[in-house]
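J.: This is the structure, below, for whatever I ask next.
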Amino acid sequence: MTPVITLDGPGGSGKGTIARLLAERLGWHLLDSGALYRLTALAARRAGVDLDDARAVAEVARNLPVRFEPAKGGGTRILLDGEEVGAELRTEACGADASRVAALPEVREALLERQRAFRRPPGLVADGRDMGTVVFPDAPLKVYLTASLEERARRRYNQLKEQGVSANIHSLLQELADRDERDAKREVAPLRPAEDAVVLDSTELGIDEVLQRILDLARERNLA
Ligand code: C5P
């Protein structure tokens, strides 16, 4: 069975960056499951679908005309209907919409097989909220990455500034707090560590240290 390392946790915990670096270091595939929820929300908005209409949004999720392509300078280009949408997907507005549609069981069901199809040799690093609890419950290494709300807001703020996007740290903090609450309180696949997950608090750790700890865990389990 192809090995999977799951990386779950709240927004701004550094999961996305760590998952990408980990996949590069191991030479494994990468699943950014949040992007699928963001794409679903964006495609539904563009089609004029009501985000509370579970069946209609699930239909959008099942038929997403999306392509993931390797980008020239590294990373991935995400194309929706042939148009590059990476920057639009990363906005807080799209994140908030994603968290709304992600609370709909029909939408989660519609995306389940699409996510599992990313599991291909030699291995997969899967980033999300329910990778260890629902999508890949048999994963041999599950990590739950977290950090204080203030630190996560600070990281998001710096990330946006680097991209030349103006942001307000107070509203970012509020948006992250709202999204955490919605993700943790929903009935299906709520945000929580799997029982067999290793919980890593990265508030006081740099990217390299977190990456090293996960690589050590992977080696201990003979995955790398
Ligand atoms: O990780 P990212 O911030 O891109 O995820 C956007 C939203 O998608 C999250 O707030 C969450 O509501 C939802 N999501 C989810 N399950 C996943 C990944 C993301 O519910 N596996």
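J.: Amide H neighbours of L30 under 5 Å, counting only residues 5+ apart in sequence or on other chains, H built in-plane at 1.01 Å?
T.: Result for L30 returns V125.
J.: Taking 8 Å as the Cα distance limit and 6 or more residues as the minimum spacing, I'd like the relative contact order of the chain as a percentage.
T.: The normalised contact order for the chain reaches 33 percent.
J.: Mean residue ellipticity at 222 nm from the helices of the chain, using -39,500 (n - 2.57) per DSSP H segment of n ≥ 4 over the full residue count, to the nearest 500 deg cm²/dmol?
T.: About -14500 deg cm²/dmol.
J.: Pop out the carbon and sulfur fraction of the accessible area of the stretch 1-132 as a percent, whole number, probe 1.4 Å.
T.: 50
J.: Moving on. Given contacts defined as C-alpha pairs under 8 Å and at least six residues apart, what's the relative contact order of the stretch 117-180, whole-number percent?
T.: Taking the mean separation of contacting Cα pairs over the length of the stretch 117-180, I get 23 percent.
J.: Also, I was wondering about something else. Over the chain, what is the percentage of antiparallel beta bridges among all DSSP beta bridges, to the nearest 5?
T.: Roughly 30 percent of the DSSP beta bridges within the chain come out antiparallel.
J.: Direction-averaged shadow area of the convex hull around the Cα atoms of the stretch 4-219, nm²?
T.: So the mean shadow area of the Cα hull is 11.4 nm².
J.: Let me ask something additional. Using a 1.4 Å probe, what is the accessible area per residue for the stretch 4-219, in Å²?
T.: Each residue of the stretch 4-219 exposes 48 Å² on average to a 1.4 Å probe.
J.: Separate question: Which one, A44, Q163, F118, is farthest towards the positive end of the dipole of the chain when Lys and Arg carry +1 and Asp and Glu -1 on their Cβ?
T.: Final value for the positive-end residue is F118.
J.: Also: Could you grab the relative contact order for the stretch 1-111? Cα pairs under 8 Å, six or more apart, rounded to a whole percent.
T.: Over the stretch 1-111, the number comes to 27 percent.
The values are calculated or read from the model by the stated rules, or taken from the named source; none is laboratory data. Everything numeric in this text was worked out from a predicted model, so none of it was measured. Cβ coordinates were reconstructed from backbone atoms using ideal geometry, including for glycine residues, and neighbour counts include every protein chain displayed. Only protein heavy atoms, including side chains, enter the accessible area calculation; ligands, DNA and RNA are left aside. Shrake-Rupley method; radii C 1.70, N 1.55, O 1.52, S 1.80 Å.
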